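This report concerns only the one structure given below.
Just so you know, all these numbers are worked out from the coordinates, no wet-lab data involved. Note that the structure is a prediction, hence the values are computed from the model and not measured. Positions of Cβ are backbone-derived with ideal geometry, glycine not excepted, and every protein chain shown enters the neighbour counts.
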Amino acid sequence: MSASCCSIEKRDHHEHEHLGMFGENTELIFAILSGVFFLIGLAIEHLLDVPALYYKISFSISLFFGAYFIFFESIERVLKGIIEIDFLMLAAAAGAIYIDRWGEAALLLFLFSLGHALEHFAMNKARKNIEVLGELSPKVALLKTKEGSREVPIEDLVVNDIILVPPHTKIAADGVIINGSSSVNQASITGESMPVEKSPIESAKLNIDFETMSREHKVYSGSINGDHALEVKVLKLSKDSTISRMIEMVSNIDGTGSKTQVRSKKFEKWYVPTVIIFVVLLCFAFLVLDETYNESIYRAITVLVAASPCALAISTPSAVLSGVARAARNGVLIKGGKALEDLGDLRTIAFDKTGTLTEGKPKLTHLEVLNQFDRTLFMQIVVDVESLSNHPLARAIVSGLQKDENIYSENKAENIEAIQGLGIKAFYNGKQVLIGNEQLMNTHQILVSNSIQSKMEKLISSGETTMLVAYQNLLIGIVSVMDLPREMASSTLKALKEIGIENMIMLTGDHPLIGNAIADKIGLTEAQGDLLPEDKVAAITKLKDKYGEVAMVGDGVNDAPAMANATVGVAMGAAGSDVALETADVALMSDKIEKLPFVIDLSRAAKRIIRQNIWISMGMVAVLVPATLFGIAEIGPAVVFHEGSTLLVVLNALRLLKYKQD
């Protein structure tokens with residue numbers, strides 16, 4: 001459709017500003033000049049008794065300013081074999097001149113160019129909501145050198161440079177903190193409303209990949225440092241930073257991929273040629289009607305203006321861009337119109353468990369002393385032994401006892417041995433310690449009573465990974481750890497249910513008992529466990545067959561195949577993750593699952609506005625075409641209503657920029 005009406009394209013709509021002396025306002029000023037010379041010509045024609053040449057000169061100047069931008073955009077497309085609305089408007093103006101209606105030709109192009117310019121002006125409001133992200137990144141960085149420090153353009157930074165970040169300044173690059181602790185406002189990247197506490201990484205972990213690094217150590221370009229100075233090691237070039245990738249992806253978004261736009265394009269393929277054929281036939285109406293040739297041409301031109309579906313062409317792209325811009329401001333990247341519309345159709349969502357519905361880190365959840373053993377000594381034995389292990393569960397137990405019980409290792413344990421599938425064996429003060437499952441105890445002839453077995457089964461059924469502890473061949477206690485549900489998981493699922501999500505399914509590689517326990521705690525409708533990545537793909541396929549549209553929410557790495565197979569793939573915690581940004585249709589830049597109801601509700605609001613816009617645009621055509629065909633409306637009113645409907649759908653779409661979830 002029209003470049004004027006469908007102005008959301010990858011190219012800049014001012015690329016033909018050969019007379020750009022007024023900067024980005026040139027197009028609007030040209031439209032105003034067109035109107036001024038139209039009014040001057042109108043005044044000369046009706047108020048002065050002078051030859052027609054005088055007012056035709058004024059109308060000609062009006063036509064020049066009105067046609068300037070439209071002409072270049074139209075010619076570019078005609079050369080590609082594409083006939084669009086701009087061309088139809090120019091043809092209508094040329095026809096009016098042909099029948100000596102110079103004033104109406106000038107009025108047509110004045111109002112059309114004014115609508116064209118105001119439409120671009122309005123749409124730029126949506127674009128600037130995205131482009132403002134780029135302004136968040138500083139232009140220079142304070143590079144640490146042997147002599148001290150110096151300012152350099154951020155484009156000159158290379159990986160492994162060290163930059164200094166004074167308090168209350170913008171961070172110039174994606175990197176890792178190597179010195180200093182501070183709170184960092186990263187709302188521009190992740191949409192988090194509260195500053196995030198950041199601390200330096202241990203030197204031994206400096207080689208960890210940026211994507212997998214703990215969020216407490218990494219920082220993003222464009223985020224704002226708090227009260228304390230930081231030293232940051234640069235891990236990504238400026239062009240590869242998270243914010244640069246966000247801007248690039250969102251800026252290239254248009255509405256062409258959306259289902260509504262695809263249907264509109266199919267409609268336009270037969271509609272536009274039909275209009276052209278009909279208008280050509282109307283030019284010869286004088287052969288069968290009692291009217292002059294000029295009257296037939298005039299009616300044909302007026303119908304051509306009325307039938308041009310300009311508002312239809314802009315209705316979907318304007319809403320898509322506004323919706324995407326609004327989401328980006330809240331730390332959500334929606335990659336295109338198809339993803340935006342598909343979100344609005346969802347009734348079923350599948351979730352990964354670890355790191356999505358849960359925190360992704362096991363925590364000590366239960367500690368119980370058996371056989372009247374000394375509690376403090378029990379905890380000391382466990383801490384000393386588990387401190388020798390690098391296993392995530394061991395680290396969780398040690399961290400929990402240090403934090404909750406203030407128990408630290410006394411380095412009295414030694415000779416730790418991992419026993420595959422069973423647990424570990426070590427020695428504390430020279431005496432054997434076993435930590436593991438019931439089978440480990442059985443292999444060492446340690447009796448596990450029925451009552452202890454019952455306690456174990458209860459803990460396991462609630463989703464906890466449970467271990468027995470034996471010392472000197474005596475059971476002395478039970479410890480269990482669990483990857484706890486996210487704090488907002490339950491309320492998020494409740495909110496999703498309230499907005500019409502009927503099926504919420506967990507897909508996890510963990511034991512089904514763990515999956516079911518988590519599902520019961522947070523309110524899922526179903527859980528499927530023991531799934532490998534390929535099993536998750538098969539599960540998504542079955543869910544699509546059963547329910548239709550299905551979203552898959554995961555971390556964008558292990559769940560990439562399942563997300564790719566889903567109707568909509570949603571990656572959580574995508575900030576800094578190249579894989580998540582590339583794989584997902586929707587990326588929640590922070591790891592806040594509570595943003596999911598917002599983005600689904602936003603997409604539904606976008607769909608409503610798209611439907612409203614289509615009704616407005618087609619309703620106006622349905623009214624104007626008969627009115628112009630039967631001579632009720634002339635070209636002036638037709639253009640006014642035509643351009644008014646275009647601006648109306650744009651302004652309606654821009655309401656999404658102010659969208660707030662109910």
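Numbers below:
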read-out	value
Burial ordering of 550, 50, 369, 398, fewest other beta-carbon atoms within 10 Å first	50, 369, 398, 550
Anchor residue 431: lysines whose Cα lies under 26 Å away (excluding residues fewer than 8 positions away in-chain)	412
Rounded Å value of the spacing that divides the Cα centres of the range 62-100 and the range 615-641	20 Å
Lysine pairs in the range 517-662 with Cα atoms under 17 Å, if 8 or more residues apart or on separate chains	6
For peptides 513-519, 322-328, 420-426, sequence by mean Cβ density within 10 Å, most packed first	322-328, 513-519, 420-426
Charge context of residue 543, other residues only, Cβ under 13 angstrom, K/R +1, D/E -1	0
Sequence-distant residues sharing a close amide H with residue 198 (under 5 Å, placed H)	182, 183, 184
The chain: DSSP helices with Cα axial extent of at least 20 Å and average Kyte-Doolittle hydropathy no lower than 1.6	26-47
Residue 358 long-range amide H proximity, modeled H, under 5 Å	486
Convex hull volume per residue for the range 500-631, taking Cα atoms only, in Å³	144 Å³
Residue-by-residue Karplus 3J(HN,Hα) for the range 154-162, coefficients 6.51, -1.76, 1.60, Hz, glycine and proline x	4, 5, 8, 5, 10, 4, 5, 4, 10
Cα-based Kirkwood hydrodynamic radius, the range 384-455, one decimal, Å	13.2 Å
Expected 222 nm ellipticity per residue - DSSP helices of 4 or more, -39500 (n - 2.57), all of the chain, to 500	-16500 deg cm²/dmol
Taking 101, 395 and counting other C-beta atoms within 10 Å, the order from fewest to most	395, 101
Sequence of 366, 120 once ranked by neighbouring C-beta atoms within 10 Å, starting from the fewest	366, 120
